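Chemist: Dropping the structure in here first, questions after.
The values are calculated or read from the model by the stated rules, or taken from the named source; none is laboratory data. Please read all numbers here as calculations on a predicted model, not as lab measurements. Ideal geometry is used to build each Cβ from the backbone, glycine not excepted, and the neighbour counts take in all protein chains shown. Ligands, DNA and RNA are stripped out before the accessible areas are found, and what is left, the full protein with its side chains, is counted by its heavy atoms. Shrake-Rupley method; radii C 1.70, N 1.55, O 1.52, S 1.80 Å.
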Amino acid sequence: MKTSSHVLLAAFGLAAAVDLVSLLAGAELGHQIAKPLLMPLLAAYAVTLGAPKLLTAALLFGWGGDLFLLSDADWAFLVGMGSFAAGHVCYLVLFGRRRTSPQLGVLYAVALAGTLVLLWPDLPADLRIPVAAYSLLLAAMAYRASALGLLAGVGGALFLLSDTLIATGVAEWPQLPAPDFWVMLTYIAAQYLLTTGALGAMYGERRTTV
């Protein structure tokens, strides 16, 4: 791995640690500073390893979503969700037509349907359709990610889990202690694993481990 790649990956890890510790400590300023750094650093790391443009675009759309979700405004939530949705489309195109398990597809479909049925009555009326449409796209991305191997598959599943935690908050369900910590922990891991899995599948494990 190039020296620049090591430096960028270390910077990403440091930003992730600062963000997560800030969330646990209730230090909002630390979160506001660290969160916007995460995806640009991960994207830059991926670029140094020859990332395809679609992977870089997916990460940068994720960055857009991160920025908008720093605001509590309803319009920012919708725009942020739209930015993440664009990132999922990039991932789906990147994954191509590689084969995936039909059984896993059924499992994702059942999980998606069950989650939406449970959440639907508690979601704000004006968010029900957007959340349902976004959830369908996200579940498709998570399922198709498994075509690139275990790392990307776990990354896709964690992304689905992270956004499901956000949805339970929007629905005002009871939350885990420090709910934003768990959202960010699963999200950061998801994007890293998707990136590593995609690079490994396309260029070989040597490109991401040496």
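Chemist: Please verify whether the range 187-195 includes one or more residues that are within 19 Å of LEU59 (Cα to Cα), surrounded by fewer than 19 Cβ atoms within 10 Å (Cβ to Cβ) and within 10 Å of the chain's Cα centre (by Cα).
Modeler: Looking through the range 187-195, at least one residue is within 19 Å of LEU59 (Cα to Cα), surrounded by fewer than 19 Cβ atoms within 10 Å (Cβ to Cβ) and within 10 Å of the chain's Cα centre (by Cα).
Condition check ((1) over 19 Å from ALA152 (Cα atoms); (2) at pLDDT below 95) across all residues:
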| residue | (1), (2) |
| --- | --- |
| GLY87 | no, no |
| TYR91 | no, no |
| ARG97 | no, yes |
| SER101 | no, yes |
| VAL110 | yes, no |
| LEU119 | yes, no |
| LEU123 | yes, no |
| ALA132 | yes, no |
| LEU137 | no, no |
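Chemist: Tell me which of these ALA58 doesn't satisfy, since it passes every other one: (1) touching a Cys at 6+ places or on another chain (Cβ under 7 Å); (2) open to solvent by 50 Å² or more (accessible area, probe 1.4 Å).
Modeler: (2)
Chemist: Consider ALA51 against the criteria (1) open to solvent by less than 30 Å² (accessible area, probe 1.4 Å); (2) assigned to a helix (DSSP H, G or I): it satisfies all of them except one. Which criterion is unmet?
Modeler: Among (1) open to solvent by less than 30 Å² (accessible area, probe 1.4 Å); (2) assigned to a helix (DSSP H, G or I), ALA51 violates only (2).
Chemist: Kindly indicate whether LEU20 is in contact with a helix residue (DSSP H, G or I) (Cβ under 8 Å, 6 or more places away or on another chain), open to solvent by 50 Å² or more (accessible area, probe 1.4 Å), assigned to a helix (DSSP H, G or I) and aliphatic (A, V, I, L, M).
Modeler: It is false that LEU20 is in contact with a helix residue (DSSP H, G or I) (Cβ under 8 Å, 6 or more places away or on another chain), open to solvent by 50 Å² or more (accessible area, probe 1.4 Å), assigned to a helix (DSSP H, G or I) and aliphatic (A, V, I, L, M).
Chemist: Next question, about the same structure. Inspect the range 118-126 for any residue being aliphatic (A, V, I, L, M) and open to solvent by less than 30 Å² (accessible area, probe 1.4 Å) and give the result as yes or no.
Modeler: Checking the range 118-126: at least one residue is aliphatic (A, V, I, L, M) and open to solvent by less than 30 Å² (accessible area, probe 1.4 Å).
Chemist: Has the range 45-68 got at least one residue that is free of Cβ contacts under 8 Å to residues at least 12 places away in the same chain and farther than 29 Å from VAL93 by Cα?
Modeler: Checking the range 45-68: not a single residue is free of Cβ contacts under 8 Å to residues at least 12 places away in the same chain and farther than 29 Å from VAL93 by Cα.
Chemist: Another one. Answer yes if at least one residue in the range 116-125 is in a helix (DSSP H, G or I) and under 20 Å from ARG144 (Cβ atoms), and no otherwise.
Modeler: So far as the range 116-125 goes, yes, one or more of its residues are in a helix (DSSP H, G or I) and under 20 Å from ARG144 (Cβ atoms).
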